[in-house]
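The values are calculated or read from the model by the stated rules, or taken from the named source; none is laboratory data. Remember, predicted model here, so these are calculated numbers, not experimental data. Please note: Cβ atoms are built from the backbone with ideal geometry, for glycine as well, and neighbour counts cover all protein chains shown.
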Amino acid sequence: MSRQDRERLGLNQALEACLCLTPQGRRLKAKHSYHGPESRSLLETELAAVENLAAFIKHHPAAVRQAEILLRSFKDLRGTLAGLARNRLLDLAELFEIKEAVALFHSLMKESALLDKAGLSLTAVREVEVLLDPRSLQTSGFYLYDDYSTALASLRKERRLIEEKLEEAGEADRPALLVQRRDLVDREAAEEALVRRNLSDSISPWHKELESNFETVGLLDFRLAKAHLALAWGASRPDLLDQGSVLVLEGFHHPVISEHLVSRGAVYQRQTLTLAPGTTVLTGANMGGKSVALKAMTLSLILVHLGYFPPAEYAAVPLFDFISYSSDYLDTTRRGLSTLAAELVRIREDARLAREKVGLTVIDEPFRGTNPEEAGALIGALCRFYAGLAGSLVLATHYRTPQGQGIRHLRLAGLVKADLEEIIEGSGTGLGDDEAIRRIESLMDYSIEAVDGSAGPPDGAIRLARWLGLDGTILEHLED
């Protein structure tokens, strides 16, 4: 998916709540690794780990907090590890960072129950720990100890003696002592470089184990973050189905839009739908929530393919080779294309993919800016084309669409006519616009229902226009 697709869907915004604590975990999250049918077993493993961790978080919060304290301390050592792989001479800071990481690995290994639930394990690298802490002091710092080299110990002893003489020497003796000290410092630095060379050579064979441990840390962090997110969303593990199966989403919602609505005192109505191969047409009145429904549905399905629990009470999902989402907004400025041309280019590419693979294509009100006759014909052609394919097209539109095999029609219930009459007749006058719109929104029914493809478009727009105070002359023309 392109960056624009993710932004339009609110994918990045939704995943801001997935809080990884390590650089390794954040990199895994940013990759958006997509699991199609060919990697179903990997996805099952990922989802099982998230499920186990979610249960562990609820029952063992103290152990999780302890592990997360350790995770926050990990740093990004890719440069150091790459240097180890090439047997590069490491500096003191790099040796200190490796020592710190090894100590964290060994502390994290004590959280064996958590690692087991995550389906992960760490490799003990005691040899590296001994190399970097030869005195077993278990301090947080690092120093080139005298234990590493008798020559280094001797040079340091000589330098300290010279420094003691310097403290007591007169002005006449100081120049000669300073020359001796400078020579000792240079020799000491050269010997320290040899020690670092020996340490680097000794640690280098362990670079694969260290890299593997860092990968494990990233996976643990990412899976824990997914588990926390699943709990926050009240989400359950999705069932993975074979291609061609009917997709089921029960009680799904868009967490970003839901949070926004709740913040302004509104209520988000969760939705349920089933989706079969072929074409599914979604209709409904303006303000009926078609765009939100498509975003929420698509977001849930993408999250499953990315290894997350979807924000839904239950999900049973066949894996798609690809998922494509497009709305009436297309960034045409940079491409120098008209809106219609940009839409057609996107539809052309989706159709090419749909012939080759089993995908999900979601289009929100295409050809909105095209003349109605041609737009209706284009949409009808799309519906018939996808009706004969193994994948699925979900299309929201106000235009009439064809009926036939492989074409299914859904509708958002919208505003029940009796409710509309009630708010118009019973509210009186003098309502502000915000309050009037809130009244309407409060009575909207966003549930998705199957309908006959021959059903006419929803009405009520003229009554609402009158109630909201549209100019009387315009209303007269409307009635005419």
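Only one residue in Ser258, Ser263, Ser245 is touching a strand residue (DSSP E or B) at 6+ places or on another chain (Cβ under 6 Å), in the same structural domain as His409 (by TED's automatic domain parsing) and of a type outside the set (D, E, K, R), so which one is that? Walk me through it before giving the result.
Working: Ser258 fails: touching a strand residue (DSSP E or B) at 6+ places or on another chain (Cβ under 6 Å); Ser263 fails: touching a strand residue (DSSP E or B) at 6+ places or on another chain (Cβ under 6 Å).
Ser245 is the lone residue from the list that is touching a strand residue (DSSP E or B) at 6+ places or on another chain (Cβ under 6 Å), in the same structural domain as His409 (by TED's automatic domain parsing) and of a type outside the set (D, E, K, R).
Residues to consider are Val248, Val195, Val217, Val256; find the one that is β-branched (Val, Ile, Thr) and more than 26 Å from the chain's Cα centre (by Cα).
Working: Val248 fails: more than 26 Å from the chain's Cα centre (by Cα); Val217 fails: more than 26 Å from the chain's Cα centre (by Cα); Val256 fails: more than 26 Å from the chain's Cα centre (by Cα).
Checking each option against the conditions leaves just Val195.
Could you tell me which residue of the stretch 133-176 is farthest from the chain's Cα centre (by Cα), considering only residues that are among the polar types (S, T, N, Q) and closer than 16 Å to Ala190 by Cβ? Break it down into steps so the answer makes sense when it comes.
Just the residues of the stretch 133-176 that are among the polar types (S, T, N, Q), to begin with: 136, 138-140, 149-150, 154.
Checking which are closer than 16 Å to Ala190 by Cβ leaves us with 149-150, 154.
Details: Ser149: 50, Thr150: 53, Ser154: 56 Å.
Taking the candidates together, the pick is Ser154.
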- line: Within the stretch 109-151, the residues that are more than 21 Å from Ala63 (Cβ to Cβ), free of Cβ contacts under 8 Å to residues at least 60 places away in the same chain and assigned to a helix (DSSP H, G or I) are Arg126, Glu129, Val130, Asp146, Asp147, Tyr148, Thr150, Ala151
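Which residue out of Leu199, Leu249, Leu184 is under 29 Å from Gln13 (Cα atoms) and either surrounded by 16 or more Cβ atoms within 10 Å (Cβ to Cβ) or of a type in the set (Phe, Trp, Tyr) (or both)? Full working, then the answer.
Numbers: Leu199 fails: under 29 Å from Gln13 (Cα atoms); Leu184 fails: under 29 Å from Gln13 (Cα atoms).
Only one candidate qualifies: Leu249.
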Boolean, Arg223 is closer than 16 Å to Leu90 by Cβ, assigned to a helix (DSSP H, G or I), in the same structural domain as Glu100 (by TED's automatic domain parsing) and of a type in the set (Lys, Arg): no
message: Criterion first (closer than 23 Å to Ala351 by Cα, crowded, with 22+ Cβ neighbours inside 10 Å, without any contact (Cβ under 8 Å) to a residue 60 or more places away in the chain and not β-branched (Val, Ile, Thr)) does Leu294 satisfy it?
response: no
message: On the basis of being among the β-branched types (Val, Ile, Thr) and either crowded, with 18+ Cβ neighbours inside 10 Å or in contact with a strand residue (DSSP E or B) (Cβ under 7 Å, 6 or more places away or on another chain) (or both), does Thr45 make the cut?
response: no
task: Filter the stretch 116-170 for residues that are of a type in the set (Asp, Glu) and either closer than 28 Å to Gly218 by Cα or exposed (fewer than 14 other Cβ atoms within 10 Å of the Cβ) (or both) and give the result.
output: Asp116, Glu127, Glu129, Asp133, Asp147, Glu163, Glu164, Glu167, Glu168
- request: Have a look at Asp445, Asp471 and point out the one that is charged (D, E, K, R), modelled with pLDDT of 70 or more and over 26 Å from Thr397 (Cβ atoms).
  value: Asp471
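May I ask you to verify whether Gly278 is among the small types (Gly, Ala, Ser), over 30 Å from Leu42 (Cβ atoms) and assigned by TED's automatic domain parsing to the domain that holds Tyr386? First the steps, then the outcome.
Numbers: among the small types (Gly, Ala, Ser): yes; over 30 Å from Leu42 (Cβ atoms): no; assigned by TED's automatic domain parsing to the domain that holds Tyr386: yes.
No: the conditions fail for Gly278.
In this structure, is Gly289 within 25 Å of Phe367 (Cα to Cα), modelled with pLDDT under 95 and surrounded by 19 or more Cβ atoms within 10 Å (Cβ to Cβ)?
On the way: within 25 Å of Phe367 (Cα to Cα): yes; modelled with pLDDT under 95: yes; surrounded by 19 or more Cβ atoms within 10 Å (Cβ to Cβ): yes.
The answer is yes for Gly289.
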